[in-house]
Each structure stands twice: as C-alpha cells, then as structure tokens.
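So the structure is just underneath, and the comments pick up after that.
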Amino acid sequence: MKQPAGIPTFFKNLVEEPLNAMVEKAQDSGQRAIGYTCSYVPRPLLDVEGIFGVRLRAPGVSGTPMADTYLSNVICSLTRSIMELALEGAYSNLGGWVFASSCDHMRRLYDNLDYLEPLDFVHILDVPHKRGEAATAWMKEELEMLAEKLAEHFGVDTGRGALAISIKEHNRLLAILRGLDRLRRRDAPPLSGTQYQMLMMAATSSPRNLVIEPLESLYKELENSSDGIDDYRARLLLAGSNCDDPGYIRVIESTGGLVVGDRTCTGSIPALKPVSEEGDPLEVLASHSLDNISCPRMMEEFGARAQEILEAVKLTRADGVVLETMKFCDTWGVEASPLVSVLREQGIPVLRLEREYAMSSEGQLQTRVQAFLESMGR
Amino acid sequence: MSIFDIKRIKPTVADLKSDLASHGRLVSSLAKLPFRHGPLFMLDKYRRYPWLRTLLAANTLLEMSVRTRTGAYREASGFGVSHVAAGIGELVDNLFAKPETTVIHEDLVPPEILYGMGLNPWMAELLGIIAPLIRSEFAEPYIDAAESEGTPPDICSLPKCTMGIALKGEMPKPKAILTSNMPCDGGMSSYSVLERELKVPTFRLDIPYNFYGERAVRFFAGELKRAIAWLEEHTPGRMDWDRMRQVCEIRNKAQEYQMEVWDLVAKKPAPMAGEALYLGHMMYSVAMPGRERGVEYWREMLVRTKKIAAAGGALPDERFRCALWNPPTLIYPELFVWAEQKYGVALLMDMISYNRHPYIDTKSPDTMLQGLARVVMEGPMARHTRGPSENFFSDLFALCERFSMDMIWMAGHIGCKNTMALNGMFREKCRERGIPLLIINYDLSDTRVVSPAEIRKQAEAFMETVMKARPL
C-alpha cells in the first residue's frame, strides 16, 4: 500500500524536530513556549496570549546513554528519550515545562529533569487516578494553582475570560482535526494513518495559532478530493500507549494494513472530544482531563477502556486491533492481557505489540503485522 | 546453616532455653489450626492452598535467626520471628474461619478501618512478602503463571507473585477488595487482574501525589469516608466508632513502644538489629496494626532491647551501621545475618520501617479519619515511591543521621522502576555527602534473576573494596 501524495511537506517538517520552526517563529515574536507532557495536562491552559504549549516529543533520538545513567534502562523509552534530548539541550529554548503525575515514569522524568536541567518554570500537576466529584474538585484546584503560577511567572492573563477564549480556539483546532479524522472512515480514505498521525503531531508540537489555517486549508482540499486509498488489505485500529512517531504507523501500513483510527495517548480518540464552552473554564478543563480514561492510570476504568476500544472498532469499521504498548510501561503491561482477552471474547482479532519509543526492528514489525493480516484471512 | 558460609553458633544453656520458648511459640500457633478447624478441614486447605506448606516451614526462618546468634540478641531475634510467625498463623486462621467478612486489602492500605468495621483483613501481598523469606524460590511458579498470562517480565515480581496466586486459583475468595494507587503502577494495575479473577467488588483509594498539607488530608479523609460507605454497602461490616477508637489507641500504643525501641537503636552500639526490627514492623504496622499482638510485640521487644543496651550491643562486634533502602531482600534474608557475622554489619533501619508514624487523634471520627489519612499517605514506601523524589532522599538522609549510619545498602530490585529511576541522583547525592552506597542488583522475589550467591558476592566486593573491611 502506497502513501498517497497530497500532504504538504510543511507538516512533515514540523514533526521532525523536538522544537520546530513554528515554535522558533512564535518565540521570535515574543511568545514563550511551554513544553508539556502528557495528555493529562490541559493544553488550553497553556495556550493563552503570550505563551503556548508544545507537547514534548523526542523525534530523531538515536539512543539514550545519558538518560539511562539517571533513569536506568528499565524505564519507558519515551521518558528516557525526552530526557536524553533535554540533556543534549534540545529543549533549552523552552520557557518552562509542565508535567502530569500520570505514571511512575513521568514522575521520575520530572524529578530528574528538575534535578539536572531545571528551567525557570517547572510544574507538576497532581492528577487524580479516578473520576468523581471530589477528584474533579481536586483537579480544579490543581489547575487553579498552575494558572496562578503561569500568570505570575510569565505575566500573562490566565483568568476565566482568557481561558474561555483559549478553549474556544482549542475547539476550533479539534474540529478541524475531527474533520480530517472523519475522512478516514471513507471506504477509500484520502489520507493514510501515517499522514493523519503526522498532522496530529504537527498540531500538538506547534503554536496553535500558526497551524490552524494550514490544517483548515488541507482539510478543505482533502474533503473535496475524490482520490483515496483503495489498495489496502485490512482496516486497523491502533490502540495503546504513546505513539507520536508517524514512522511506526508507516511500517504497519507498508504491509497493507490501513490504520483508520488511533485510540492512543497521542491519537484521535479521545483527544478530539470538544471541551465544553459552558461553565467555569477551570472546572470544565478539570473534568475534561479526568474524563480521559484511555490511559490505564485511571484505575477504576478497565471496563470503560475496553468499551471505548470496542466502540472505536465499530465507528472506524476496523477489521482488527493493533494494541501497541511501550516496553516497561507498567500500567499497560499489566492491563494489556486482560484487554486482549476482552476484545477476543468479542470476536475482534488483536495483535499485541511491545515497542520502544524510537523506531527499530522494522522488519520484525512488518513480519508480525503481515502474519496478523494473514491470520485474519486478508 | 543452609546458605553459604553463615556460621552456626554453639548455644549456651540459656540459648537452648530461649530457643525452646521460641520454637514452642511457633509450634503452638500453627498447631492451633487443625484443633480449631478440624484435621479434615485443614487437610482440604492444605491441598487447595500449596502456600500453606511453605508457611508451615517457618521454622527455617527461625533457625536462621537464632542459631546464628547468641545471648540476649538470639533470644530477642527468636522472640521476634516466632511472634511474627504466630501473627501470620492468626491471620490464616481468620482467613479460613471468616470468609464472609474477609476483605482483601493492598499492602499499603492499613487495615484499621476494616477492624473498626468488624471485618477480617487479609493482605493480598502477605504471602509474596513472607513466604520467600522462608523458601527463596516460593514466588517463582506464581511469577511464571502471571507471565504466561501475558504480564511482561519487567513488572515488579511482588505483584506478579500476587497475581499468580490468584490466577492459579490459590487465593481464597473474599467478600470484597480494598486497594489503592500504591505503591507503584505495577502494584496498582495488578488489582484489575485480581478483581477479574476473584470476581468480587473492589474499591480503590486514591492517594494524592502531593500529600503534604491539610488539603491532601481533607481529600484523603474523604476517600476513606467513601470507602467506609462502600464497604457498608458491599460487606456485612458496619463502622463502630468506639471499636475504631480502640483500634487506633492500640495502634498508637504499639507505635509508642516501637519509637522507644528506635531511640535505643540509635545509640552506639545498637542494642537491636535485623529481623526483630523489620519483621516486627512489617507485621504489626503494615499487615495487622491495631491488634493487641502488636502492643505485646513492641512492649516485649522494648524490654529486650533495654536489657541488651544495659549489657552493650546486640552484635558481638558492631563495626558498621547500615541503612537498607527499599524493602528487605526477600529471597535472601540471610544476607544481613551473613554480613553481621562476617563484617560486623548491623542492619538498623529500612525503607518499609522508616516513615513518619503519625499518632492518630482519637477525639472524634473525623480526627481518626484524618489521622489514618496521614498514616496511609505518609506510610512505608508510599511516600518514597509515589511521591516526589525529595521524600525518598530526605527520609533516607534523615535516618542516616538519626541512626549514625556508616553506609547505605540499596536493594536495587530490578522491577522497582520508581527507585531504579532515582539511582543516578542517588549516587551523586551520596557522593556529595560522603556516604558509601551499595546498589545491590537483584530481583525482590525471583532467585533466577540474581541468585543469593551473586547478591552476597556484590556485598562482599563492596565491603572489601569500598569499606576496606576485613572479615571478622
């Protein structure tokens, strides 16, 4: 299966650097970039006039020798890769970073970065592991503290009014990405999973106001396009943990399996769910964050997570699920097996893959996916 | 002795007398089971739960503790191990006798609330912690069972052992499960497997990451209230605040005695060391706090510690005082007995034992819940593995000062990613302070990863090259 032409290299360039040209451009105009990870940090809070959020990624990392010295080599390679690039100075232009206490690995990444590469502004959000009234109230207070700290440090307005505007603009971006995602449900989608992932990553790695227009024009162009991919062998749903490297999906798709949906930390489900524009923005952002149950860190939601995948399979008309989990991730590591059982009980073919952050063993991955497609009779 | 070159000490008449008392305590506690439940009932349990066979061999742990020592230290160690074994006997007894009120709880969720509600607690991880101390290879078939169900090899072997026990159908079915997000992601996630296997309702307590301050106490006391309401809905348990007050007062009393023991242990030479300290804490502050047994244990231990202090120190020749960070080496409890004999190393404190131990204010239900909230949030390991790294280091360096430690042995359990990810900082911070640090490369529950012989070699190399110690 060939990747269709039609996605401007502009987007490809945006995902190849930890801090891309758009980030530099925005910084040159006086805005300050805040690196953040992971999905539990609500981006609208970082995207107010004067500052903008950039999701931390580590494209191009080729090894993690320095990070291993501190984090050890039994920690997930996403955190080690971010740490490696941080130690190489790749994020030194950031104005600060914000983390979420989402898992053991993220917490220790924060600890080590704060020890080795402290930026002027460092914050970690204490994110509850479950939903409910008390948890939302706690999260709201957490966001309130972060908002105050941002306002004080950067001299920006993080008041209710500014946040309401930010949420509106955020929803505009999400609507465009949702539109692009919907195009993948066609029988012959005009864009591949690889290309979609590239657009998603371009959107989260760049200042919002500089990517909205290019994404919108691309959407309009693709929406009216009659060309599409029709030579695939099967439609696949990608599920699992962080997968911010479009190259990983490219290898899957090179075997003929078209990725039509991604229920991953960095994919379209549930990231594209609009944020409510009604009510107190901080409360809205707090419940929006906690309603993201896709990560097994949300300890009471195994059933809901399985259900979310089942619904995504139906929505995308996927023939099978590729469940990719980052090696050494404890929560996914333990939960993947029962999840596979639940999906198989429902008659859904599942391929479970354990992977490292940086793309490696392409041939092996291809063979696994090919065998999976064959096992489905495709 | 069975493990390497640990020397068996020739007993005196007084030693033999104290050994007899220790063995008597152990045997009588285990012999109670067939008397109480009947031999056929116990035979059935013995067949269904193979882990019982390992627990019944607890005398090997006792032998290790007494035959390698002499005098009052031997007597105290024997008392400690046999008392803890008898405590386990009581928990097993209740597990079989009261299935309708049994609630499985996660190891860092203290069971005081369950006692206050008239329920019967069973700590899911107890077997994975205690049984390898008796038989090193205990956890391995259970680890294999968890891995063959798809759990990755890199997950901590303690939750894997616990999951394996459930997956092999060897975990008695409780009425409910009370767990939390502690002490690590692997431990937290393992309960989704337990919940599916045991098919019982489960409540999960959420402990904040930043647990200092009244805001966290309020939030977590609220969590405890929600847990109580949930337990009242899903089990026959009902909260009786007078009973709860009694449980908390007993807990406080045991705590007071334990703190007095610690004050004495801080003196040089230390009048108590090793298993008597860490096993007692594990049992009576973690697995079954709030019981009279705990008060009895620490009161007796205090008497014995005072007695040893009056006569000198526990070890015949204390040359090095050691802090063990992370839980003790479950597959090789002989490590510190060997180190005592070979180099005069006194193990005085460890991560499980060392935490803030706040006393519980029993004035009202609210103050009790707030006190318990502090106990849980600042409990063993939780503060070190769940919270910011400051906790990990500030506690350790505070205890090094308090107990005049000469060195730190870090039990570098390969499955503990939380602590593995701090090793780089750990080395640098110890170097800055001039504290010698040994990071033992091993797995907490699996001898196939690093064998006890290899662990001993690492310790030996450290003692001779870094500490420049010569064997006694």
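Quick note: the coordinates plus some simple rules give every number you see, no bench work behind them. Quick caveat: nothing in here was measured; it's all calculated off a predicted structure. Methodologically, a virtual Cβ is constructed for each residue, glycine included, from the backbone with ideal geometry; neighbour enumeration extends over all protein chains shown.
Counting charges near A:Asn209 (Lys, Arg +1; Asp, Glu -1) among other residues having Cβ under 11 Å from its Cβ returns a value of -1. Rounded to the nearest angstrom and listed largest first, the equivalent-ellipsoid semi-axes of segment B:391-472 from its Cα gyration tensor are 21, 19, 10. With both labels modelled 7 Å from their Cα along Cα-to-Cβ, the A:Arg186 to A:Glu17 distance reads 3.3 nm. Among the listed pairs B:Lys17/B:Lys267; B:Lys7/B:Lys457; B:Lys45/B:Lys173, a Cα-Cα separation exceeding 22 Å is found for B:Lys17/B:Lys267. With contacts taken as Cα pairs under 8 Å at a separation of at least 6 residues, chain A carries a relative contact order of 20 percent. In segment A:192-289, the inverse of the mean reciprocal separation of distinct Cα atoms equals 15.2 Å; this is its Kirkwood hydrodynamic radius. In chain B, Cα pairs under 8 Å separated by at least six residues give a relative contact order of 16 percent.
Using C-alpha pairs under 8 Å with a sequence gap of at least 6, the mean separation divided by the residue count of segment A:19-155 gives a relative contact order of 22 percent. Quick check: from the Cα gyration tensor, does segment A:19-155 come out rounded (a/c under 1.5), prolate or oblate? It is oblate, given that a/c is not under 1.5 and a/b is not larger than b/c.
Taking the Cβ of B:Pro11 as the centre, find all other residues whose Cβ is under 13 Å away and add up their charges (Lys, Arg: +1; Asp, Glu: -1). Surrounding charge for B:Pro11 is +3. Taking every residue in A:119-126 and counting other chain Cβ atoms within 10 Å of its Cβ, the average works out to 2. Per-residue ellipticity at 222 nm computed for the protein assembly as shown from its helices equals -16500 deg cm²/dmol, with DSSP H segments shorter than 4 residues left out and the rest contributing -39,500 (n - 2.57). Here, segment B:4-108 is characterised by an Rg to Rh ratio of 1.06, where Rg is the alpha-carbon radius of gyration and Rh the Kirkwood radius. Positive contributions from Lys and Arg (+1) and negative ones from Asp and Glu (-1), summed over other residues with Cβ under 13 Å from the Cβ of B:Arg48, come out at +3. The share of Cα pairs per 10 Å bin across segment B:104-175, counted from zero up to the longest distance, runs 20, 46, 27, 7 percent. So which lysines pass the test for A:Lys168, namely a Cα distance under 21 Å, with those fewer than 8 places away in the same chain ruled out? The qualifying lysines are A:Lys140, A:Lys220, A:Lys273. Packing order of peptides A:177-189, B:422-434, highest average first: A:177-189, B:422-434 (average count of other Cβ atoms within 10 Å over each peptide's residues). Percent of Cα pairs in the protein assembly as shown per distance bin of 20 Å, from zero to the largest separation: 15, 46, 30, 9, 0. Partner shielding of A:102-108 amounts to 6, given as the average count of beta-carbon atoms from other chains within 10 Å of each residue beta-carbon.
Kindly give Rg over Rh for chain B, based on alpha-carbon atoms, with the Kirkwood expression for the hydrodynamic radius. With Rg and the Kirkwood Rh in hand, the quotient comes to 0.94.
A full extension of the chain between B:Tyr359 and B:Asp240 corresponds to an added length of 40.8 nm, given 0.36 nm per residue minus the alpha carbon distance.
Annotation: lysines with alpha-carbon distance below 26 angstrom to B:Lys363 (same-chain offsets under eight excluded): B:Lys225, B:Lys253. Partners of A:Lys2 within straight-line reach, counting lysines whose Cα lies under 22 Å from its Cα and excluding those fewer than 8 residues away in the same chain: A:Lys12.
Under the simplified labelling scheme, the A:Lys2-B:Arg53 pair shows an inter-label distance of 6.6 nm, with each label point 7 Å from Cα along Cα→Cβ.
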